[in-house]
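Read through the structure below, which is laid out as structure tokens, and then see the notes.
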Amino acid sequence: MAELESLETAAEHERILREIESTDTACIGPTLRSVYDGEEHGRFMEKLEARIRNHDREIEKMCNFHYQGFVDSITELLKVRGEAQKLKNQVTDTNRKLQNEGKELILAMQELRQCRLQQRNISATVDKLTLCLPVLEMYSKLREQMKSKRHYPALKTLEHLEHTFLPQVSHYRFCKVMVDNIPRLREEIKELSMSDLKDFLESIRKHSDKIGETAMKQAQQQRNLDNIVSQQPRIGGGKKSKKEFSASSELEVKNTSPMSEQDSGILDVEDEDEEEEVPGAQDLVDFSPVYRCLHIYSVLGARETFESYYRKQRRKQARLVLQPPSNMHETLDGYRKYFNQIVGFFVVEDHILHTTQGLVNRAYIDELWEMALSKTIAALRTHSSYCSDPSLVLDLKNLIVLFADTLQGYGFPVNQLFDMLLEIQDQYSETLLKKWAGVFRNILDSDNYSPIPVSNEEVYRKIVGQFPFQDAELEKQPFPKKFPFSEFVPKVYGQIKEFIYACLKFSEDLHLSSTEVDDMIRKSTNLLLTRTLSNCLQNVIKRKNVGLTELVQIIINTTHLEKSCKFLEEFITNITNVLPETVHTTKLYGTTTFKDARHAAEEEIYTNLNQKIDQFLQLADYDWMAPEPGSRASEYLVDLIGFLRSTFAVFTHLPCPFVLQGKVAQTACMSACKHLSTSLLQLLLEAEVRQLTLGALHQFNLDVEECEQFARSGPVPGFQGDTLQLAFIDLRQV
């Protein structure tokens, strides 16, 4: 057993020695540790010593064998060392020379390196600036566009800046500042464009009357052209329709693109002569501020806000435009300016409707028009009621028609305006009646109530041309001769025709049928005859200082005017082309008017005669207790009979036989005799006359005989037998 262990230990020591010989020195530690971990390290040391001695002997043998070679090698090495020293010296010298020579190269290389570095930095800088410069240029362009109020281009520039250029250089600080400023710039563009819109709205409000004036001039020109075309034979194309006129006169914008550079608003236009072509309304208005602002707000997603603001502001302006001035009724210019502003407002809105997509719509326009129509009609009703001048009312009517035609050309319904004109027609008739009342008063006051004398054929034909009078006997009489009527007959007849013409003027352009025009003229003429002329005649007849001769002449005049009524009927028929036989044709009441005036004049004659008789009777001074009668009739009665004779002589010598035929003189004479008889009877039967003498009774009898003698003398032809004496029969019996 012990031998076996000894063999194993020896084998282990051998293995360890081989490892020590073959193992790297740095890794020998674990091997030596395994020796000391065992208990046989003494024996290992012995073996190690033995192995070292073996190797020493081998080394010694080897050295002995190669010793001469070793000596030779050492000798060679010594020689090499000398040469090496020389070589070292040469290398050192060469190196020194090389170093000296390379200093300039090193400096040049350093400079080249520095230049290359700078070049690289410059290139990098150029690359960065190439990215940054467009951003700065775009931003500069943006500020310039905003400064020059090119808001839409500024907004487009801002969009490019934000989405195209800034993302490429977003890591720079100045770009971050720009990005932060973009919302503020957008808001600033909105505010600036809104400011331009406000300026535009203010300008359009101030210049609405000019726009409306231009549109109404165009409508007037078109209407004149239509009238000319309608009067000429239609060749080829015929006349231009209102639709075409509306399209041709519709407003157009000089710079409709939102990219327009100018915000001119309303342009000034010089007043032009009527012969020159009227400038179109498109020459007055630049709508580009509206389009740009609308486009900007659309791009920014605030279109509804813009539409709401625009409509609200225009509604406010509409209310201002529709508020008439307090003194509008005083002159036609007041009405014209009022209409011009309304037309200008709706011309602008109509153009906005047709040139924008939804900024205003038809419902909005119709709502504004309904409001405008109601307010306009109310204002016209109020202010026209103050007008007392028929010429102004007629001019107002023509202006309203032009106003209606202008707006109708733009598609607005105007039937209510024409209905209102029919109301104004009644007022116009009233103003005409008032005016003609003054005309008739002047004619009647200035008339001499004497037959018109004519000295030659020219004057005769002139009067016959003024008044429809035909008398064969008068035609045959030599000059000088007289018409039976006085001057007021042809003058009144002419003024009636002038009144009819004035009524006809108002009916023009009202789109009325001939029957309606005829009916309107006849009704107004009836009012003129039955109310105005009748009142004037009645006032003349009832005047205190009117004489019997004047009353008789009035009777003659009204008779001839009554006969002229059929000619007035024909005159109206000729200008309206409506036959009198038409079922709904109104008849003239002139016959009744003149008959009433004649009857009033006759009654006034009777009344005046009776009043004159009463005045003479007041001079009667009977002495009922007189013992003897006088030799002749009473003085007052003789004067009274003389007055009656002279008065009825005037009746007898009048140039018109109608007075006799109509028994006016007979009736007046009979009425005077009856009144005289009754008055004398009352004198005799007065309560104060309690007793009378035979002499007083004989004197009274002389007065009665004087009256009977007057009746028998036939002061007025035409009485049969003793008809006139019967007026005194009761007095004779008493």
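The values are calculated or read from the model by the stated rules, or taken from the named source; none is laboratory data. Keep in mind that this is a model prediction, so the values were computed, not measured. Quick reminder, even Gly has a Cβ in these numbers, built from the backbone with ideal geometry, and neighbours come from all protein chains shown. Accessible surface areas use protein heavy atoms only, side chains included; no ligands, DNA or RNA. Shrake-Rupley method; radii C 1.70, N 1.55, O 1.52, S 1.80 Å.
The accessible surface of the range 73-213, taken with every protein chain in place and a 1.4 Å probe, is 56 percent carbon and sulfur. Distance between the modelled labels on R732 and Y36, one decimal in nanometres: 20.7 nm (7 Å Cα→Cβ projection).
Of the residues G465, L504, F483, the one whose Cα sits farthest towards the positive end of the charge dipole of the range 452-572 is F483 (charges of +1 on Lys and Arg Cβ, -1 on Asp and Glu Cβ, taken about the Cα centre). Sparse packing (at most 16 other Cβ atoms within 10 Å of the Cβ) combined with a DSSP loop state is found for none of the trypsin sites (Lys or Arg not before Pro) in the range 279-369. For the range 513-618, the set of GluC sites (Glu not before Pro) satisfying both a DSSP loop assignment and a count of at most 10 other C-beta atoms within 10 Å is given as E581.
Applying both filters, DSSP loop and at most 10 other Cβ atoms within 10 Å, to the chymotrypsin sites (Phe, Trp or Tyr not before Pro) of the range 369-427 gives Y386.
Relative to the current alpha-carbon distance between S679 and T667, full extension at 0.36 nm per residue lengthens the span by 2.5 nm.
Approximating the spin labels as points 7 Å out from Cα along Cα→Cβ, the F567-to-I20 distance works out to 17.7 nm.
Between E8 and S385, the contour length at 0.36 nm per residue exceeds the alpha carbon distance by 120.4 nm. For R43 and H66, what does the FRET efficiency come to when R0 = 30 Å and r is the distance between their Cβ atoms, rounded to the nearest 0.05? So the FRET efficiency works out to roughly 0.25. Could you please state, rounded to a whole Å, how far the C-alpha centre of the range 323-391 is from the C-alpha centre of the range 395-472? With the range 323-391 and the range 395-472 each reduced to a Cα centre, they are spaced 29 Å.
Could you compute the net charge surrounding E307? Neighbours are other residues with a C-beta less than 14 Å from the C-beta of E307; K and R count +1, D and E count -1.
Numbers: positive: R303, R311, K312, R314, R315; negative: E304, E349.
Every neighbour counted, the sum reads +3.
With r defined as the distance between the Cβ atoms of S326 and S195 and R0 fixed at 35 Å, what FRET efficiency is calculated, to the nearest 0.05? Efficiency computed from Cβ-Cβ geometry: 0.55. Considering only Cα atoms, the convex hull volume of the range 274-384 works out to 110 Å³ per residue. The stretch between L702 and K141 holds 189.0 nm of extra length on full extension. This uses 0.36 nm per residue minus the Cα-Cα distance. With a/c under 1.5 counting as rounded, go ahead and sort the range 20-147 into rounded, prolate or oblate using the C-alpha gyration tensor (a ≥ b ≥ c being the square roots of the eigenvalues; past the cut-off, prolate if a/b is larger than b/c, else oblate). Here the range 20-147 falls in the oblate category. Magnitude of the charge dipole for the range 20-147, about its Cα centre and with charges confined to Cβ atoms of Lys, Arg (+1) and Asp, Glu (-1), is about 1080 debye.
Modelled spin-label separation between R315 and I228, with each label point placed 7 Å from Cα along the Cα-to-Cβ direction: 4.5 nm.
Relative intensity of the range 359-402 on a log10 scale, I(q)/I(0) at q = 0.32 Å⁻¹, equals -1.07, per a Debye sum over C-alpha point scatterers of equal strength in the absence of solvent.
What's the ranking of 553-560, 437-444, 526-533 by average number of surrounding C-beta atoms within 10 Å, highest first? Don't jump to the answer; show the numbers that get you there.
On the way: 553-560: 24.4, 437-444: 17.8, 526-533: 20.0.
Per-residue Cβ counts within 10 Å, averaged per peptide and sorted highest first, yield 553-560, 526-533, 437-444.
For E187 and H354, the FRET efficiency from 1/(1 + (r/R0)^6), where r spans their Cβ atoms and R0 equals 51 Å, is about 0.95. Translational diffusion of the range 6-75, estimated by Stokes-Einstein from the Kirkwood radius over alpha carbon pairs at 10 °C in a medium of 1.306 mPa s, is 112 µm² per second. The separation of the range 529-566 from the range 53-128, counted between C-alpha centres, amounts to 158 Å.
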